[in-house]
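See structure below.
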Amino acid sequence: MVDVMTEIKIRCPLEKVSEYAANPDNAPEWYDNIHSAEWQTPKLLAVGSRIAFKAQFLRRELAYVYEVVEFIPGEKLVMSTANGPFPMETTYTWEAIDASTTLMTLRNKGNPTGFSKLMAPFMSTMMRQANKKDLKKIKEILEKRF
């Protein structure tokens with residue numbers, strides 16, 4: 001199993017961080033590997049919302065659909081996909097450190113199948129590096145914007 005958790009402190013109020021991060025339309029702006037996000041359900045994020053993403057990871061083009069399985073605005077978002085060679089669950093959590101600083105956590109976990117299973121240890125390392133880079137990017141965006 002791959003289970004990677006990363007976190008970052010962002011000098012921005014929790015409400016702004018969680019609203020921005022939970023909006024799939026923003027994903028291509030702060031995720032280096034995500035190229036597009038297309039809603040397959042109405043644009044109101046809720047349990048059951050489905051978003052199709054196109055991304056690149058380890059030099060491979062990926063297309064997958066995430067479904068929101070848990071959403072507590074300002075606190076937690078959990079999305080999962082069962083399709084493709086690497087079923088994955090992504091969790092965001094947000095915690096106010098104070099009125100102007102938020103701790104954001106990004107967790108990816110899943111059970112690779114087939115050939116991907118052999119690559120799991122390498123994938124964990126690459127995913128951790130990518131997640132750290134993405135969290136630095138969202139921090140830069142939000143600290144400049146708000």
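The figures follow:
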quantity: Residue 99 versus residue 137: modelled label distance in nm, points set 7 Å from Cα along the beta carbon direction; calculated: 3.3
quantity: GluC sites (Glu not before Pro) restricted to DSSP loop in the stretch 47-82 with at most 16 other C-beta within 10 Å; calculated: 75
quantity: With Cα atoms, 0 to 90° folded angle of helix 120-145 axis to the chain main axis; calculated: 20
quantity: 16 Å reach of a label modelled at residue 72, 7 Å along Cα-to-Cβ, counting backbone N of the stretch 78-105; calculated: 78-79, 91-97, 103-105
quantity: From the coordinates shown, volume of the Cα convex hull per residue in Å³ corresponds to which of (i) 194; (ii) 96; (iii) 156; calculated: (ii)
quantity: Residue-averaged 222 nm ellipticity for the chain, from DSSP H runs of 4+ at -39500 (n - 2.57), nearest 500; calculated: -9000 deg cm²/dmol
quantity: Order of 39, 94, 30 - criterion: other Cβ atoms within 10 Å of each residue's Cβ, fewest first; calculated: 39, 30, 94
quantity: Potential lengthening between residue 59 and residue 125 on full extension [0.36 nm per residue; Cα-Cα distance subtracted]; calculated: 22.3 nm
quantity: For the stretch 29-53 versus the stretch 1-24, the gap between their alpha-carbon centres in whole angstrom; calculated: 15
quantity: Spin-label model distance (nm) - residue 15 vs residue 111, 7 Å beyond Cα toward Cβ; calculated: 4.2
quantity: Cα-based reach from residue 132 at 22 Å (exclusive), listing lysines while leaving out same-chain residues under 8 positions away; calculated: 9, 16, 54, 76, 109, 144
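Only the coordinates and a few stated rules stand behind these numbers; no lab work does. Everything numeric in this text was worked out from a predicted model, so none of it was measured. Ideal geometry is used to build each Cβ from the backbone, glycine not excepted, and the neighbour counts take in all protein chains shown.
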